[in-house]
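Written below as structure tokens is the structure these notes are about.
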Amino acid sequence: MFAIRTIPLALIAPATLCAMTLTGPVAQAAPPKDNNITSFGFSVTPSTIAAGGQVTLKADGCSETVKASAGVFDEVHIRPGQTATATVDWDAKPGAMYTVTFKCGNESGTTDLTIASGNNGGWTPTNPPVHHGVKAGFGGSLADLDFGEIAFGALLIAGALGSALHFARRRPAGSGDHS
């Protein structure tokens with residue numbers, strides 16, 4: 001008697017899991033990155049630095065001033081044939097990777113700058129910036145879902161739960177109540 005009831009329940013759980021998986025949002029592949037080929041050369045040394053450290057920026061083969069920028073330091077101007085330095089913000093997130101963009105005229109190229117993990121050598125700023133909380137929002141968590149997907153998923157879950165309840169409460173054939 002026990003085995004007859006558990007077989008339908010054992011089939012409902014995988015079917016529900018499969019239905020829930022198929023109704024989830026479709027993953028989209030990121031567009032491929034360009035090969036980052038430019039007519040001028042550029043580099044950031046070192047490519048991994050602690051927050052608050054200095055990097056050397058170099059650009060070769062550009063006849064005009066190159067502008068280098070990243071989300072972790074102010075824009076730097078590099079004159080032809082020279083190098084420049086930039087100080088990484090002290091509050092840069094350890095382990096994060098930032099894109100450094102070099103612009104020569106209307107042409108640009110990018111490279112990565114990684115912030116090293118650790119205590120930054122014990123250095124602390126004398127005048128740290130004041131943080132005013134998180135900029136909150138949906139952030140893509142629900143923005144891409146539409147009502148049709150939500151309704152279809154809810155319908156599948158309700159159907160699976162209803163089927164489970166039906167099979168769990170159903171009496172086996174031939175065991176009528178003879179009170």
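Has segment 38-61 got at least one residue that is at pLDDT below 60 and open to solvent by 80 Å² or more (accessible area, probe 1.4 Å)?
no
With the condition kept exactly as written, say whether any residue in segment 98-107 is surrounded by 18 or more Cβ atoms within 10 Å (Cβ to Cβ), of a type outside the set (S, T, Y) and at pLDDT below 90.
No, there is no match, as no residue in segment 98-107 is surrounded by 18 or more Cβ atoms within 10 Å (Cβ to Cβ), of a type outside the set (S, T, Y) and at pLDDT below 90.
For the subset of segment 66-76 comprising residues that are surrounded by 12 or more Cβ atoms within 10 Å (Cβ to Cβ) and free of Cβ contacts under 8 Å to residues at least 40 places away in the same chain, which member is nearest to F40 (Cα to Cα)?
Of everything passing the filter in segment 66-76, V66 is nearest to F40 (Cα to Cα).
Test A164 against the criterion of being at pLDDT below 90 and either buried (at least 16 other Cβ atoms within 10 Å of the Cβ) or touching a helix residue (DSSP H, G or I) at 6+ places or on another chain (Cβ under 7 Å) (or both), and give yes or no.
yes
The values are calculated or read from the model by the stated rules, or taken from the named source; none is laboratory data. Quantities reported herein were computed from a predicted structural model and do not represent experimental measurements. Positions of Cβ are generated from backbone atoms using ideal geometry, with glycine treated the same way; all protein chains shown enter the neighbour counts. These accessible areas exclude ligands, DNA and RNA; they are computed on the full protein's heavy atoms, side chains included. Shrake-Rupley method; radii C 1.70, N 1.55, O 1.52, S 1.80 Å.
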